[in-house]
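One structure is given here, and the rest of the page talks about it.
The values are calculated or read from the model by the stated rules, or taken from the named source; none is laboratory data. Bear in mind that the values here come from a model prediction, so they are computed numbers and not experimental data. Positions of Cβ are backbone-derived with ideal geometry, glycine not excepted, and every protein chain shown enters the neighbour counts. When the accessible area is computed, the model is the full protein with side chains, heavy atoms only, and any ligands, DNA or RNA have been set aside. Shrake-Rupley method; radii C 1.70, N 1.55, O 1.52, S 1.80 Å.
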Amino acid sequence: MKNVETRGYFYFETTEVPMLCPPKPWCYHSLTPMLLSSVQFIRYAGYEWKKYFSDVLNEYDRKGDIDIMKYGLDVLGTLPWKVNSKVLEKQKQLFNEGGLDQLSIACLFDKTFPELPDKNSVDDETMKAYYHECKSLKKEENEKHSLRCTQLYTLSLANSLVDAPFWQCYNLDFRGRVYPVAPHFSQMLGDPARGMLMFAEGAPLGDGGLRWLKVHCATTFGGLGKATFEEKERFVDNNIDNVMKSADTLCPERGWWLSLQRTPGNVSLLVSR
C-alpha cells in the first residue's frame with residue numbers, strides 16, 4: 001500500500017493470516033489442520049488449562065462425541081473467500097486521505113494540545129483543567145492510533161489477497177464458539193473487514209434473493225427498521241438511481257449512502273446491486 005503512515009513490510013506468523021489452500025480435516029484434536037503450524041482445537045488462556053482440556057477432549061473423543069464438532073469445523077474450512085476489490089480500493093483511498101468516521105475508517109488525530117499556562121499567573125483550577133484536557137486528548141490520540149494500526153493490518157492483508165481465493169482455519173473457544181484462527185482479516189471482525197469479503201464461489205441471487213437484498217438495504221436505512229417488507233422494497237425501488245450511482249462512484253461527497261446505518265457493510269451491499 002502506498003502513502004500510508006507506516007512504510008515497509010509486515011511479518012505475520014502463519015497462524016495469523018488466512019490460508020491459500022483449504023485446511024486439512026481435523027482428524028484428531030491434537031493434529032493441526034494447518035500445513036506448517038500447530039493450532040489448538042480449543043483455545044484456552046494459561047498453560048494450567050492444557051491438561052484439563054486435553055483430558056476432556058480425550059474422553060469425548062473416546063466416546064465419539066467430538067466427531068460432530070470436527071466435522072463442523074471441517075465444513076467451514078472448505079468455504080473459499082475472496083476480496084471485494086472495489087470496496088478495498090475505496091477503503092484504502094479513505095484511509096490514506098485520513099479516514100472517515102461514517103464508514104468506520106479510523107481517522108487521524110487532528111486536534112492540537114493546549115499551550116501550557118504560566119503557573120504564576122493562573123490558579124490551581126485552571127491548571128487542573130489544563131492537565132485534564134491534555135489527558136483526554138492523549139487518550140483520544142492513542143485510541144485513534146491503535147485503530148489506525150489495526151485497520152492497516154486488515155487493509156494490508158486484504159491487499160495481499162485480492163487476486164486469489166483464500167480459506168480460513170477454524171477452532172473453538174472454551175465455550176464452544178467457533179472462530180477463525182487468523183485474527184486480522186475474517187468475517188468475525190468489524191464492518192470494514194466484513195464489507196471487503198465475498199464468497200469466492202458465488203451464486204445468482206434470483207428473484208427471491210434480490211427481494212431480500214432490497215429488504216436488507218432498506219432495513220439498514222435510518223428510520224425504516226420497523227417498516228413492512230413491502231414498504232422496504234418500495235423504498236429501494238424509489239431510490240434505485242441513488243443505489244446505482246452510489247455503487248458506481250462510492251464518493252462520500254455524494255452523500256446518499258452515508259445516511260445508511262452500518263455503512264461499511266452497505267458499501268458492499270450497494271456494489272452487490
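I'm trying to understand the selection: among the residues of the range 108-125, which are surrounded by 13 or more Cβ atoms within 10 Å (Cβ to Cβ) and either assigned to a helix (DSSP H, G or I) or in contact with an Asp or Glu (Cβ under 6 Å, 6 or more places away or on another chain) (or both)?
Hit for the range 108-125 is PHE109, nothing else.
Return the pair list, or none, for Cβ contacts closer than 7 Å from residues in the range 63-91 that are touching a residue at least 12 places away in the same chain (Cβ under 8 Å) to residues that are exposed (fewer than 15 other Cβ atoms within 10 Å of the Cβ) and hydroxyl-bearing (Ser, Thr, Tyr), at least 6 apart or on different chains.
So the pair list comes out as ILE66/TYR60.
Across the range 81-115, which residue is farthest from ASN159 (Cα to Cα) among those that are acidic (Asp, Glu) and at pLDDT 85 or above? Spell out how you get there, then give the answer.
Taking the range 81-115 as the starting set, the residues that turn out to be acidic (Asp, Glu) are 89, 97, 101, 110, 115.
Among the residues that remain, those that are also at pLDDT 85 or above are: 89, 97, 110, 115.
Numbers: GLU89: 9, GLU97: 17, ASP110: 27, GLU115: 41 Å.
The qualifying residue farthest from ASN159 (Cα to Cα) is GLU115.
What about ALA106, is it over 31 Å from the mean Cα position of the chain (by Cα) and farther than 30 Å from PRO23 by Cα?
The answer is no for ALA106.
Tell me which residues, restricted to the range 137-169, are in a loop (DSSP other than H, G, I, E, B), surrounded by 13 or more Cβ atoms within 10 Å (Cβ to Cβ) and either modelled with pLDDT under 90 or among the hydrophobic types (A, V, I, L, M, F, W, C) (or both).
Those that are in a loop (DSSP other than H, G, I, E, B), surrounded by 13 or more Cβ atoms within 10 Å (Cβ to Cβ) and either modelled with pLDDT under 90 or among the hydrophobic types (A, V, I, L, M, F, W, C) (or both): LEU161, VAL162, CYS169.
For LYS232, indicate whether it is farther than 25 Å from LEU35 by Cβ, of a type in the set (D, E, K, R), more than 20 Å from the chain's Cα centre (by Cα) and surrounded by 19 or more Cβ atoms within 10 Å (Cβ to Cβ).
Yes.
Considering only the range 47-102, how many residues are outside any helix (DSSP H, G or I), closer than 30 Å to GLU141 by Cβ and either open to solvent by less than 40 Å² (accessible area, probe 1.4 Å) or in contact with a Lys or Arg (Cβ under 6 Å, 6 or more places away or on another chain) (or both)?
Of the residues in the range 47-102, 3 are outside any helix (DSSP H, G or I), closer than 30 Å to GLU141 by Cβ and either open to solvent by less than 40 Å² (accessible area, probe 1.4 Å) or in contact with a Lys or Arg (Cβ under 6 Å, 6 or more places away or on another chain) (or both).
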